[in-house]
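Student: This is the structure, below, for whatever I ask next.
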Amino acid sequence: MEKKTMQTIHWFPGHMQKARRQMEEQLKLVDIVVELRDARIPQASFNPLLDELSAHKKKLIILNKADLSDEKENRLWKEMFEKEIPCLLVDSISDNLSKKLVNEIKEICKDKIERAKARGIRKKVIRAMIVGIPNVGKSTLINNVVKKKVAKTENRPGVTRSLQWIRLNEDVELLDTPGVLWSKLDDQEAAVKLAVLGSINDDILDKEELASYALDYLKQEYPGVLTKRYEISEEGDLLSAAAKKKLWLTANGEPDLKKAAEAVLKDVRDNRFGRISYEKCPAGE
Ligand SMILES: Nc1nc2c(ncn2[C@@H]2O[C@H](COP(=O)(O)OP(=O)(O)OP(=O)(O)O)[C@@H](O)[C@H]2O)c(=O)[nH]1
Ligand SMILES: [Mg+2]
């Protein structure tokens, strides 16, 4: 898809502004910021606003939903991030994360724990703020780590609306935060990827454009997956071809592109094409 023909995507509703302010306030209580990224789009899910907020804090990057992304890309991205910052590849639905996350957090904060000990504080509680773009899996990760459903989760952006401290054990507390974007989505291709994967509310976006972007990407980077799913030849107008083949038609028998776009986006978000990375690591080229 030509970049210049793309719609301009912008989504920074009031609750995100409020969340940003509250996160800023809580930051002074926090020992470490755990930043979740979507393993399928590790770069597009980087949030400059959160980066700015956590600039002087210890940090851990979690590439979440690693079960949905390409294994080879997962390895490459993790290696790349680890050169700068501790990084874990995580599946917050199936992994057993409690010990792994606590150990990692304690390791990163060990100097703070030591310093507290030296001051006579035997048990320092480490406070970790869990941040990330909407729908990346922050609340799911917290539920996994504390082994019960303490936070509401759903496959749409904007589910968590307020900050919530959760006691994990006697050593660690976690802060669930609402997903936030940033007010200027300069990189519109990144914005399209965020919208395609469900981190931006797409009610007011052009879904046909989003779906066509996804189809073009899949054709280019994962040849054969569209043929497998939609029995189409991966040439020409893919959205229209899929609509014809899958009989997503209007009352008068024309391809119903609106319906097709909804179906394609649902397939992307339900992971019907297998393990796909929507951003390839530059180190692999
Ligand atoms: N396959 C897979 N799905 C995940 C994973 N983590 C979260 N999900 C799903 O992603 C969706 C969003 O999860 P949430 O935990 O609500 O995301 P959030 O970051 O808290 O979202 P907001 O509160 O809206 O910012 C849910 O449908 C989860 O089941 C994961 O590691 N793998
Ligand atoms: Mg949430």
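Student: Over all pairs of distinct alpha carbons, what does the Kirkwood formula give as the hydrodynamic radius of the stretch 206-284, in Å?
Tutor: 12.8
Student: Now for a separate question. Place the peptides 126-132, 268-274 in order of packing, highest mean first, counting for every residue the other Cβ atoms within 10 Å and averaging per peptide.
Tutor: Details: 126-132: 24.3, 268-274: 15.0.
Taking the mean over residues of other Cβ atoms within 10 Å, the ranking is 126-132, 268-274.
Student: While we're looking at this one, here's another question. Please give the peptides 161-167, 89-95 ranked by average Cβ packing (other Cβ atoms within 10 Å per residue), highest first, as a rough proxy for protection.
Tutor: Going by the mean number of other Cβ atoms within 10 Å, highest first, we get 89-95, 161-167.
Student: Let me ask another. Going by how many other beta carbons lie within 10 Å of each one, how would you line up Thr160, Thr227, fewest first?
Tutor: Thr227, Thr160
Student: In addition: For the ranges 243-249, 33-39, what's the packing order if you count other beta-carbon atoms within 10 Å of each residue, average per peptide, and put the highest first?
Tutor: 33-39, 243-249
Student: Restricting to DSSP H runs of at least four residues, report the calculated mean residue ellipticity at 222 nm for the chain, -39500 (n - 2.57) per run over all residues, nearest 500 deg cm²/dmol. Provide the component values of the computation, followed by the final result.
Tutor: Values: 11 runs with 111 residues, N = 285.
Computed ellipticity for the chain at 222 nm equals -11500 deg cm²/dmol.
Student: Can you put Ser139, Ser240 in order, fewest other beta carbons within 10 Å first?
Tutor: Lowest count first: Ser240, Ser139.
Student: Sticking with this structure for a sec: Test of understanding: ordering Tyr222, Tyr213, Tyr230, Tyr278 by Cβ neighbours within 10 Å, fewest first, what list do you get?
Tutor: Tyr222, Tyr213, Tyr230, Tyr278
Student: Could you list which residues have their amide H under 5 Å from that of Glu173, counting only those 5 or more apart in sequence or on another chain, with H placed in the peptide plane?
Tutor: Ile126, Arg127, Ala128, Leu168
Student: Still on this structure, please answer the following. So how strong a dipole does the chain carry about its Cα centre when Lys and Arg Cβ are +1 and Asp and Glu Cβ are -1, to the nearest 20 debye?
Tutor: Rounded to the nearest 20 debye, it is 1660 debye.
Student: On a straight-distance basis, which lysines could pair with Lys259 in a cross-link, Cα separation under 17 angstrom, same-chain partners fewer than 8 positions away excluded?
Tutor: Once the sequence-local lysines are set aside, what remains near Lys259 is Lys207, Lys244, Lys245, Lys246.
Student: Then there is this: In terms of Cα to Cα distance under 20 Å, which lysines are near enough to Lys112, apart from those fewer than 8 places away along the same chain?
Tutor: Cross-link targets: Lys28, Lys57, Lys58, Lys59, Lys99, Lys100, Lys123, Lys124.
Student: State, to one decimal in nm², a quarter of the convex hull surface area for the C-alpha atoms of the chain, i.e. the direction-averaged projected area. Spell out each step's value before the answer.
Tutor: Values: hull surface 64.2 nm².
Orientation-averaged projected area of the Cα hull: 16.0 nm².
Laboratory data are not the source of any read-out in this text; all were calculated from the coordinates shown. This is a predicted model, so every value here is computed, not measured. Backbone-built Cβ (ideal geometry, glycine too); neighbour counts: all protein chains shown.
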